[in-house]
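Here is the structure we will look at.
The values are calculated or read from the model by the stated rules, or taken from the named source; none is laboratory data. The model shown is predicted, which means the values in this text are computed figures rather than measured ones. A quick note on method: Cβ atoms are made from the backbone with ideal geometry, for glycine too, and the neighbour counts reach across all protein chains shown. Calculation scope for accessible area: heavy atoms of the full protein, side chains included, ligands and nucleic acids excluded. Shrake-Rupley method; radii C 1.70, N 1.55, O 1.52, S 1.80 Å.
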Amino acid sequence: MSETRETPQTIQQRKGREPIAALTAYDFPMAKLLDAAGVPLLLVGDSLGMVVLGYPDTTHVALEEMEHHVRAVARARPHGLVTADLPFETYETPAQAVESAKRLVAAGAEAVKAEGGRAILPQIEAIRAAGIPFLGHLGMLPQNMLEEGGYRIKGRDEAQREALLADALALGQAGAFGIVLELVTPIVAAEITHLVEIPTIGIGSGKNCDGQILVTTDLLGTSPDFIPKHAKPDELLRDRMIGIIRRWSENLIGPINE
Ligand code: KIV
């Protein structure tokens, strides 16, 4: 395993040189696994609301819950950059965004991510002015799912395409070190990747991004309710785990009653 610790700069420098593998980490053992596999970017994503805490969507995740999970991941001291999601309604104003980001950094995050482009530009500028590295997130924004009534692919019409390109440029100018592109049509994701100087990290957005990110439990096939089509796990580890537990529980040696 490389001894080099990743920074926002080392992630950014991979653009055009080396694909970026990013995965979510929610606790100490998962962070240790990802570190052993040499993953350069660990996201403490608010997807933990669904795959760890049992909420129906990410809008229920509280900042305190994110802090708790960031602390657990940071204790693993991974070489990959620990980036944490600002949860729903914790970055409504620039002052609130900075306060929330500082709490995640105090918990051990080395960078923060928030959903949106030009709509949250003052918040991003305030976070950057406070010296906190920022990862953007465009396309399908899970924190907007209640407002939009579901998870919808973005970039399908010209207005969405133009908005995505303008948002991506704005994020680059505001000093983001990368942009997650979630459920963006592959053609528009490729266009953004060519347009911006910072790396794009796709999820369900085709192969032509500078990197890819997945929810780790989707990749391993252990997500509790649903695995999105783009994850394509090699095998459902969940089934193997159930088999191990069943075999153990069916072969207990108890006291012999004569
Ligand atoms: O919360 C999360 O895990 C994310 C990824 C899906 C990009 O934002």
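Among (1) in a helix (DSSP H, G or I); (2) within 14 Å of the ligand (Cβ to nearest atom), there is one condition LYS32 misses while meeting the rest; what is its number?
(2)
Quick check on this structure: which one of GLY211, GLY243 is among the small types (Gly, Ala, Ser) and in contact with a Ser or Thr (Cβ under 8 Å, 6 or more places away or on another chain)?
GLY211
Here's the yes/no breakdown for (1) under 15 Å from GLY116 (Cβ atoms); (2) within 15 Å of the ligand (Cβ to nearest atom); (3) open to solvent by less than 30 Å² (accessible area, probe 1.4 Å):
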| residue | (1), (2), (3) |
| --- | --- |
| GLU147 | yes, no, no |
| GLY150 | no, no, yes |
| ARG156 | no, no, no |
| ALA159 | no, no, no |
| LEU164 | yes, no, yes |
| ASP167 | yes, no, yes |
| LEU171 | yes, yes, yes |
| ALA176 | yes, yes, yes |
| LEU181 | yes, yes, yes |
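State all residues of region 176-209 that are closer than 26 Å to GLY131 by Cα, aliphatic (A, V, I, L, M) and in contact with a Cys (Cβ under 7 Å, 6 or more places away or on another chain); if no residue qualifies, say none.
LEU181, ILE201
Checking LEU43 against (1) under 18 Å from the mean Cα position of the chain (by Cα); (2) without any contact (Cβ under 8 Å) to a residue 40 or more places away in the chain, which test does it fail?
(2)
Looking only at region 1-20, filter to residues that are among the β-branched types (Val, Ile, Thr) and not in a strand (DSSP E or B); which one of those is farthest from the chain's Cα centre (by Cα)?
THR4
Under the condition of being touching a strand residue (DSSP E or B) at 6+ places or on another chain (Cβ under 8 Å) and part of a loop (DSSP other than H, G, I, E, B), which residue from region 62-92 is farthest from the ligand (Cβ to nearest atom)?
Here is the first cut: in region 62-92, the residues touching a strand residue (DSSP E or B) at 6+ places or on another chain (Cβ under 8 Å) are 66, 69-70, 73-74, 78, 80-86.
Cutting the leftovers down to part of a loop (DSSP other than H, G, I, E, B) gives us 78, 80, 86.
Details: PRO78: 16, GLY80: 15, LEU86: 11 Å.
Filtering first and then ranking leaves PRO78.
Given the conditions (1) assigned to a helix (DSSP H, G or I); (2) without any contact (Cβ under 8 Å) to a residue 40 or more places away in the chain; (3) within 14 Å of the ligand (Cβ to nearest atom); (4) not hydrophobic (A, V, I, L, M, F, W, C), report the number of the one that THR59 does not fulfil.
Tallying (1) assigned to a helix (DSSP H, G or I); (2) without any contact (Cβ under 8 Å) to a residue 40 or more places away in the chain; (3) within 14 Å of the ligand (Cβ to nearest atom); (4) not hydrophobic (A, V, I, L, M, F, W, C), THR59 fails exactly one: (2).
Which of the following residues is open to solvent by 20 Å² or more (accessible area, probe 1.4 Å) and in a strand (DSSP E or B): LEU23, LEU43?
On the way: LEU43 fails: open to solvent by 20 Å² or more (accessible area, probe 1.4 Å).
Matching residue, one of LEU23, LEU43: LEU23.
Answer yes or no as to whether GLN13 is in contact (Cβ under 8 Å) with a residue 60 or more places away in the chain and either open to solvent by 10 Å² or more (accessible area, probe 1.4 Å) or within 19 Å of ASP210 (Cβ to Cβ) (or both). Lay out the reasoning, then the answer.
On the way: in contact (Cβ under 8 Å) with a residue 60 or more places away in the chain: no; either open to solvent by 10 Å² or more (accessible area, probe 1.4 Å) or within 19 Å of ASP210 (Cβ to Cβ) (or both): yes.
The answer is no for GLN13.
Inside region 117-132, can you point out the residues that are open to solvent by 10 Å² or more (accessible area, probe 1.4 Å) and within 16 Å of the ligand (Cβ to nearest atom)?
Matches in region 117-132: ILE120 only.
Checking ILE245 against (1) exposed (fewer than 11 other Cβ atoms within 10 Å of the Cβ); (2) not in a helix (DSSP H, G or I), which single condition isn't satisfied?
All conditions are met except number (2).
Could you go through region 186-200 and let me know if any residue there is open to solvent by less than 10 Å² (accessible area, probe 1.4 Å), assigned to a strand (DSSP E or B) and closer than 23 Å to GLY49 by Cα.
Among the residues of region 186-200, not one is open to solvent by less than 10 Å² (accessible area, probe 1.4 Å), assigned to a strand (DSSP E or B) and closer than 23 Å to GLY49 by Cα, which makes the answer no.
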